[in-house]
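These notes concern the structure reproduced below.
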Amino acid sequence: MIARALLRFLQRTPLSTLMAVLGVALGVTSIVSVHLISATVAERLDELIPRQLAGFTHFLHRADLQADNYFDLRRRWRSGALPDVEGLSPLIDESLLVDTRQVRAIGVDLFSADIGVVEGAGSAAAEEWRWDGVWVDESLVDVVRLPVNGIIAAPPGTLVGDIGVVQDLLGWPSSRISYVGARFVSPWDDLRSLGEALLPGLDAGLPEVTPALSEAGWQIVSLARQHPASQFGKSVLFNISALGALALLVAWFLMYQVAVSWLRRLWPVFERLHVLGVSWRELGGYFAAAMLVLGVVAGGLGLAAGYLLAVQLYGIAIPQAEPEFSLDAWVVLKAAGSSVAVCLLGGAVAFNRARHGIPAERRLHAALILPLAALAGVAFDSSGLIGGFFSIAVLSVLTALAVVPLLNRLRLHSQRLAGPLLVRLSLRELFWYPREFSIALAGLSLAVATAIGVGLMIDSFRADFSRMLDRRLTYDVVVRGGDELAGIASELAATPDVSRLQRYQTVALRIEGAPFELIVTKVDAFEAARYGLSTPLAPDAALLSEQGARTLGRGPGDTLEVDGRELRVAGVFSSFGDLVPRVIVDRGSGLTGRLESLSINADDPARVLGAIRSLSSAAEVELQADLRRIALDTFDQTFAITAVLITIAMVVAGIGVYVAVTTLRLNRRSSTRLLHGLGIVRGESALMDLSLGLGLGAMAVVLALPLGLAFGWILCEVINPRAFGWTVALALSADALATPAFWGLVAAAVAGVLRFGRDEEGTHVART
Amino acid sequence: MEATLEVRGLCKHYADGDRLVEVLNHVSLDLAGGRSLAVTGPSGSGKSTLLNILAGILAADAGMVVLRTGEATVDLATLNDAERTRLRRRHIGYVYQFFNLVPTLTVWENTVLPARLNKRLDLDARAGELLDQFALSARRDTFPEVLSGGEQQRVAVARALVLQPPLLLADEPTGNLDATNSKHVADLLFSAAREQNVALVIATHSEEIAARADQRLHLNVDTPPLT
């Protein structure tokens with residue numbers, strides 16, 4: 001009977017019920033869409049790591065690695081000296097040229113490796129499985145001259161064979177291997193897998209724990225660090241997932257606000273029922289059941305809306321690809337679970353607070369402990385991306401906790417407020433009833449602060465990126481790929497139109513176990529200036545990309561060994577957008593690579609462009625102006641999802657403000673009745689609601705500005721280096737500060753005005 | 001002398017599920033400026049409903065409520081809700097039993113609120129005089145939460161009088177006060193009615209206060225008769 005009464009109560013408060021369901025559904029929409037996109041992108045990112053290597057958790061490198069080193073290690077492992085290691089295997093992973101095609105040749109122990117032949121591709125496979133045969137991806141089927149045993153799902157240009165076969169291909173002796181693959185076990189593995197299934201990209205955000213290896217001379221490199229392109233992508237996913245969770249967090253604030261409002265009206269009834277013998281536990285259970293119903297409805301709506309939003313967002317972010325989303329058990333579980341959790345938790349906390357309140361000492365403890373926790377998240381790089389986001393979450397909670405004391409303090413000075421009497425009256429309500437506004441205020445502050453933080457980061461990043469492009473894009477024409485580059489270069493060198501011709505040789509190699517791209521070119525003063533160096537690069541010097549410097553822990557003046565040569569680091573250059581760390585050396589260093597691109601300055605770039613196209617149809621030719629446009633378009637595309645997610649959070653926060661204003665009007669019926677008696681007209685009521693909304697919005701902005709600045713700083717100085725290896729210099733842009741503040745005010749004002757000055761009480765007056 | 005307030009055949013009923021409950025049944029009365037009317041009757045007899053109809057907060061189902069404001073003669077039955085609201089804010093003072101003051105406005109702001117709503121800045125001096133007269137000047141900048149019940153009701157009376165309305169409605173204004181404060185507030189209301197030529201309608205359970213009124217209307221729960 002009590003349950004029925006509660007459901008009837010929800011029916012009788014259709015507007016707040018609708019707003020609650022809508023807000024939570026929007027939160028669920030946000031996380032469902034992000035999950036669908038992330039899961040699809042994560043699958044593609046997984047394909048960047050050849051399956052034959054993906055089974056290892058770490059790779060063990062050492063200088064002049066020989067097969068004997070592997071067998072020594074294996075003997076120690078079998079004798080029980082390496083208890084955390086579950087498997088060890090020798091591996092070859094090198095680049096070689098097959099008919100001018102750059103091929104990644106992976107040699108594995110065929111007795112233990114999972115080759116993973118693509119199903120249904122048998123027609124391209126050899127008639128019989130041969131030990132001296134190889135497995136290749138589809139692009140190499142017609143390129144390799146060896147027997148092809150099968151087609152594998154791997155990045156283009158991948159060849160897998162038995163160690164011996166690949167050693168033959170490379171011309172290596174049988175004692176030489178590239179590194180050792182190891183599978184370390186950790187008690188957290190299952191938990192991490194579960195987390196990754198629930199939140200694709202999560203693993204990239206967790207701190208990287210390097211297992212201890214007691215054997216001397218070995219360097220341990222994780223699977224993620226050895227495949228930075230995949231890790232880079234997953235870090236992006238983690239960041240988006242964290243942002244997607246924002247709307248859900250704001251939805252929780254909203255749900256809590258709604259629950260507080262409902263409980264305020266239901267509490268006298270609950271107290272009477274309690275007197276009649278119904279326990280608080282039972283009453284709480286009934287209230288939870290009502291919340292559960294809302295959660296299920298909102299979860300269903302959010303799931304459907306999330307799917308539709310995901311299709312749209314995917315189209316914006318990755319327009320060249322067709323999305324293939326499936327509403328699998330994980331996403332349904334996530335939608336239902338998060339929606340129900342938000343509703344139940346919001347209800348439970350509100351119920352608990354209605355019964356017991358919040359002890360003052362708990363607030364004090366939180367105020368003392370939380371700043372330290374936030375500091376720890378940013379101070380320790382080893383806490384990973386999750387550490388940075390933890391700090392952001394802690395600062396948000398801290399701000400939410402500061403709302404009530406701040407409003408109470410402002411109340412003491414509210415007498416000084418000036419302006420029209422009705423506006424003054426409404427603004428003071430904000431300070432008078434802080435508990436009714438605190439959560440809505442915290443929700444809106446959080447949404448605005450996130451918008452400010454992300455906006456600051458994007459603007460700062462764009463400015464740095466743009467500066468990098470200005471410095472780097474000094475050539476008129478860039479020619480990439482194609483086997484005819486050498487020929488094109490010779491022809492162009494003899495063309496009078498060409499004032500400068502720069503040749504870039506590239507080779508993939510490992511430095512201290514980490515994969516690098518080595519670029520060999522003539523680094524004269526002109527070229528050196530592109531990387532921020534004022535003098536030509538000496539033959540014994542190298543330039544390191546920022547990711548490279550971070551990976552190796554080196555800076556200017558340090559030395560590093562590249563392919564057996566000791567080089568001095570002359571400078572570190574910014575490398576936004578790089579997937580793999582780079583090292584640049586002068587061609588006088590003696591290092592060589594394959595000619596991969598040409599950069600040209602010409603008096604008449606269009607004529608040179610025409611000449612290149614007439615020389616080769618295969619070469620990719622780009623003009624500098626196009627490169628800049630494409631780079632900036634890609635940059636903007638990357639952040640399109642971000643803008644949508646923040647907008648959703650802002651809308652949910654706006655609904656929170658609406659609920660808060662409505663709650664106030666409901667709870668202060670006597671004031672409403674009094675003003676009605678004094679002859680307040682509907683327009684004036686609307687003006688009061690607008691003033692209250694705007695006041696709330698202004699307070700939210702005041703709280704959001706420092707919080708947003710802190711978010712911006714953490715995103716630039718903590719999240720970016722940890723996720724991508726580069727630092728973004730935080731620049732305070734007026735636009736990034738003003739735009740979210742403006743929209744925050746608009747959201748709050750609209751939430752106030754939406755009530756159209758409605759008097760919840762209507763014109764009903766008690767009959768006495 | 002023409003009556004400031006003239007009521008004829010006033011009827012009002014409420015719907016209670018499928019049932020119609022009659023609250024006011026053909027109520028009629030006349031009240032001149034400077035005179036007072038006490039409305040008495042048990043709880044549920046329709047006292048507040050009558051006052052709310054006279055104030056234009058509620059519309060009557062039948063009957064006529066004529067108010068002579070000095071500027072015009074208006075039948076509230078012919079006005080819509082917005083017009084009645086405008087009439088109320090300009091020409092009717094209202095004092096409730098509870099929650100008479102806006103908690104987020106100071107004593108001064110509460111007092112001048114009707115003047116501000118009517119854009120009558122010239123009435124600030126009168127508001128000041130009323131606060132002096134009601135011994136509230138010292139409390140001018142304080143918020144209602146720190147005032148006693150008696151002080152709050154005095155502020156409410158001052159606010160109701162600031163516009164010098166022709167009609168003053170008081171819904172059990174002393175119901176929440178002790179005897180001393182009750183007498184003080186009643187004195188203010190009755191003397192204001194007399195001295196400022198205001199027609200005062202006061203709903204009350206207090207026999208003592210009802211006895212001070214010039215006229216009396218007793219409402220019963222079932223069939224409210226006109227006395």
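The values are calculated or read from the model by the stated rules, or taken from the named source; none is laboratory data. What you are looking at is a predicted structure, and each value in this text was computed from that prediction instead of being measured. Note that each Cβ is placed from the backbone with ideal geometry, even for glycine, and that neighbours are counted across all protein chains shown. Side chains included, ligands, DNA and RNA excluded: accessible areas come from the protein's heavy atoms. Shrake-Rupley method; radii C 1.70, N 1.55, O 1.52, S 1.80 Å.
Odds and ends about this structure:
- Of the trypsin sites (Lys or Arg not before Pro) found in the stretch A:476-580, those that fall in a DSSP loop while having at most 16 other beta-carbon atoms within 10 Å are A:Lys522.
- Rounded tilt (10° steps) of A:14-46 against the dominant C-alpha axis of chain A: 10
- The listed residues A:Arg582, A:Arg416 rank as A:Arg416, A:Arg582 when sorted by accessible area, largest first, using a 1.4 Å probe.
- Placing pseudo-labels 7 Å out from each Cα toward the beta carbon at A:Ala508 and A:Glu491 gives an inter-label distance of 3.0 nm.
- In Å², nearest 10: area of A:Glu324 left accessible to a 1.4 Å probe: 150
- Helical contribution to [θ] at 222 nm, DSSP H n ≥ 4, -39,500 (n - 2.57), averaged over chain B, rounded to 500: -10500 deg cm²/dmol
- To put it simply, the accessible area of the stretch A:439-578 at a 1.4 Å probe is 47 percent carbon and sulfur.
- Efficiency of FRET between A:Ala376 and A:Ser214 - r from beta-carbon atoms, R0 25 angstrom, step 0.05: 0.25
- Per-pair calculated FRET efficiency, R0 = 25 Å: A:Leu170 and A:Val143 via Cβ, rounded to 0.05: 0.95
- Mean partner shielding of peptide B:77-86, defined as the number of other chain Cβ atoms within 10 Å of each residue Cβ, is 2.
- Exposure rank, largest accessible area first [A:Glu561, A:Glu717; 1.4 Å]: A:Glu561, A:Glu717
- Cross-link reach list, lysines versus B:Lys183, counting only Cα pairs under 24 Å and skipping chain neighbours closer than eight places: B:Lys47
- For the stretch A:435-504 versus the stretch A:306-332, the gap between their alpha-carbon centres in whole angstrom: 26
- Heavy-atom surface of the protein assembly as shown, accessible at 1.4 Å and reported per residue (Å²): 43
- For peptide A:672-685, the mean count of partner chain Cβ atoms within 10 Å of a residue's Cβ comes to 6.
- Among the protein heavy atoms, those of A:Leu398 account for about 40 Å² of accessible surface (1.4 Å probe, every chain in place).
- P(r) histogram, all alpha-carbon pairs of the stretch A:482-618 included - 5 Å bins from 0, percent: 2, 10, 19, 21, 17, 13, 10, 6, 2, 0
- Relative to the current alpha-carbon distance between A:Arg281 and A:Arg44, full extension at 0.36 nm per residue lengthens the span by 80.5 nm.
- Acute angle (nearest 10 degrees) that the helix A:640-667 long axis makes with the longest principal axis of chain A, alpha-carbon atoms: 10
- Heavy-atom accessible area with a 1.4 Å probe sorts A:Trp280, A:Trp330, largest first, into A:Trp330, A:Trp280.
- Solvent-accessible area lost on pairing B with A (1.4 Å probe, both sides summed) amounts to about 2900 Å².
- Per-residue HN-Hα couplings for the stretch A:246-259 [Karplus 6.51, -1.76, 1.60; θ = phi - 60°; Hz; x = Gly/Pro]: 4, 4, 5, 5, 5, 5, 5, 4, 4, 4, 4, 4, 5, 4
- Per-residue packing, averaged as other Cβ atoms within 10 Å, sorts the ranges A:53-61, B:99-107, A:419-427 into the order B:99-107, A:53-61, A:419-427, beginning with the highest.
- Diffusion coefficient of the stretch B:5-217 by Stokes-Einstein, Kirkwood radius over Cα pairs, 25 °C, 0.890 mPa s: 140 µm²/s.
- Shape analysis of chain A yields a ratio of the Cα radius of gyration to the Kirkwood radius, Rg/Rh, of 1.05.
- Axis angle, to the nearest 10 degrees, between helix A:189-198 and the longest C-alpha principal axis of chain A: 70 degrees.
- A simple spin-label model places pseudo-atoms 7 Å from Cα toward Cβ; at A:Ala640 and A:Leu412 they are separated by 5.2 nm.
- One chain, two ends: A:Ser193 and A:Arg101. Fully extended at 0.36 nm per residue, the span grows by 29.5 nm beyond their Cα-Cα distance.
- Part-to-part distance (alpha-carbon centres) for the stretch B:49-106 and the stretch A:686-747, which is given in Å: 47
- Euclidean distance between Cα centres, the stretch B:160-219 to the stretch A:242-289, Å: 44
- Phi to ³J(HN,Hα) by Karplus 6.51 cos²θ - 1.76 cosθ + 1.60 over the stretch A:262-279, Hz, x for Gly, Pro: 5, 5, 4, 7, 7, 4, x, 5, 4, 5, 5, 5, 5, 4, 6, x, 7, 6
- Accessible surface of A:Trp743 - all protein chains present, 1.4 Å probe, nearest 10 Å²: 130
- For the peptide B:88-100, the mean number of other protein chain Cβ atoms found within 10 angstrom of a residue's Cβ is 3.
- Inter-label distance, nm, simple model (7 Å from Cα along the C-beta direction), A:Ala348/B:Ser28: 6.8
- A cut-off under 11 angstrom between Cβ atoms defines the neighbours of A:Ala290, and their net charge, with Lys, Arg +1 and Asp, Glu -1, is +2.
- Expressed as a whole percent, the accessible surface of the stretch A:3-84 that belongs to carbon and sulfur atoms is 53, based on a 1.4 Å probe.
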